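Presented below is the structure to which this report refers.
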Amino acid sequence: CTARAPSIVKHVLEKIDVEDPPTQRAIAKSLHVSQSTVSKIIKQSGFVLRKKRKVQKLTGANVEKRHRRSRRLYLQLINGRYQKFIATDESWFYLDGTNGKRKVCYIKKSDPNYDRMIIQQDSNRPKGFMVWGGISAKGKTSLRFVKSNTKINSDYYINKILKPFLLRDVPRLYPNKEKSRPIFHQDSAPSHVSKKTIAYLEKCKVKYVKPEEWMPKIPDVAPMDYAIWGYLKQRYSSSTTNTRYSMASNVEPFTYLWLDVDVNATEYNLDIQKELRQIIDHLRTFTDSDQCEQYIRKVKHEKLVLIVSGTLGRKLVPRIHDLPQFSACYVFCKNEAANEQWANQYNKINAVVVQRDQLIKQFSNDRITRTKADDGASVSVISSKSQNLQARNAIFMWFQLFIEVLLQSPMRIILDR
């Protein structure tokens, strides 16, 4: 070692033993040594590089609500009653940043400072768009996208979120309403707990977790917030997106397309589009067969469902039928018999229809089947083999909630049980 070695080691450790350390390259440049020297000093000093984890900031009021409300909610969840819960939430999707801070830090093996691994999040969000969704033991709801620059007040929440949810999602997830009446779970956002929203839920005879029962920032009762949104955002961040539609397509299990030269040219087709959008959240239209094929071939991770005219379908379907992303097709035409002759050769064509009502009914029924199949294929978001630090932290916090319930319960109640 040279005479400068001790001072170099000291300067390196001073630079990394902080919450927001510079890169090894920057350290090496500032100290006029090689990057390998910096790396060796860090390793020999017992530091390792760890990625920071985002957690919710817990306030004193949050802790107080946990103590006061946890047992009541726990009693609602035990003995299999959690299967009746539909947990819902909204989340922003945007190009996330960390305010210039790096997403990694160094911790010492012998004396780890885990506080460095946390990036606290607040309510400040860059530009993006909001998505609503829900999950239960019976499956998932549809995702609903909030239009840009839209204020989510009680009227919007009731008409654009709750009504479609009660009309389409609940009957699909809980078909036997009388025997397994579900319990609706939402957070305490202003539009959720307003008098108008509560009155609507009461009018529709919806069982729901009341605002005074809701516990904020608890993984056990907010799976959308602490698990599902994280998974979807990982999927979203792994691909390049430039528009709201392309971002939305990253979190939708199916992408719906309609190819017809007159798809946007007649009142008849525009009315059908409105009806379809009552069933699905997004529909992309094309008038040019080449542009539609180009789009289909560029898609890699989504499943595509296509509505196509007989004339264009006759040419396009043979070229795209064997693509793995091409899931299903509906030929919407004027001559059923003529188009069935070629359509019968392709098993991904679900139907050849000529009537508007027939298309809507077939499309709606098949969508329910597809969604259930997709639910079954994706029940486990995190496998036992790939369970990461975030998943283990979630399990730990869920166990801590259970312990907290026991600690806050009167001893006589525990003994009685």
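A few remarks follow.
- Evaluation of residue 276 against the conditions (1) at pLDDT 90 or above; (2) open to solvent by less than 20 Å² (accessible area, probe 1.4 Å) shows that the sole unmet condition is (1).
- Condition met for residue 40 (under 27 Å from the mean Cα position of the chain (by Cα) and either small (Gly, Ala, Ser) or open to solvent by 40 Å² or more (accessible area, probe 1.4 Å) (or both)): no
- Extreme residue, farthest from residue 232 (Cα to Cα), among residues of region 313-343 that are touching a Phe, Trp or Tyr at 6+ places or on another chain (Cβ under 9 Å) and open to solvent by 30 Å² or more (accessible area, probe 1.4 Å): 314
- Residue in region 45-53 that is out of contact with any strand residue (DSSP E or B) (no Cβ under 7 Å at 6 or more places or on another chain) and either loosely packed, with under 13 Cβ neighbours inside 10 Å or not basic (Lys, Arg) (or both) present: yes
- Of all the criteria given as (1) under 22 Å from residue 323 (Cα atoms); (2) at pLDDT 85 or above; (3) open to solvent by 20 Å² or more (accessible area, probe 1.4 Å), the one not satisfied by residue 282 is (2).
- None of 81, 72 is at pLDDT below 85, open to solvent by 50 Å² or more (accessible area, probe 1.4 Å) and under 27 Å from the mean Cα position of the chain (by Cα) except 81.
- Test for residue 298: is it more than 20 Å from residue 359 (Cβ to Cβ), free of Cβ contacts under 8 Å to residues at least 40 places away in the same chain, within 27 Å of the chain's Cα centre (by Cα) and open to solvent by 40 Å² or more (accessible area, probe 1.4 Å): yes
- Test for residue 64: is it in contact (Cβ under 8 Å) with a residue 40 or more places away in the chain and over 30 Å from residue 171 (Cα atoms): no
- Yes/no for residue 6 being open to solvent by less than 50 Å² (accessible area, probe 1.4 Å) and either of a type outside the set (A, V, I, L, M, F, W, C) or in contact with a Gly (Cβ under 8 Å, 6 or more places away or on another chain) (or both): no
- Of all residues in region 112-142, exactly one satisfies the criterion of being at pLDDT 80 or above and open to solvent by 80 Å² or more (accessible area, probe 1.4 Å), namely 138.
The values are calculated or read from the model by the stated rules, or taken from the named source; none is laboratory data. Keep in mind that this is a model prediction, so the values were computed, not measured. Cβ atoms come from the backbone with ideal geometry, glycine included; neighbour counts cover every protein chain shown. Please note that ligands, DNA and RNA were not included when accessible areas were found on the heavy atoms of the full protein model with its side chains. Shrake-Rupley method; radii C 1.70, N 1.55, O 1.52, S 1.80 Å.
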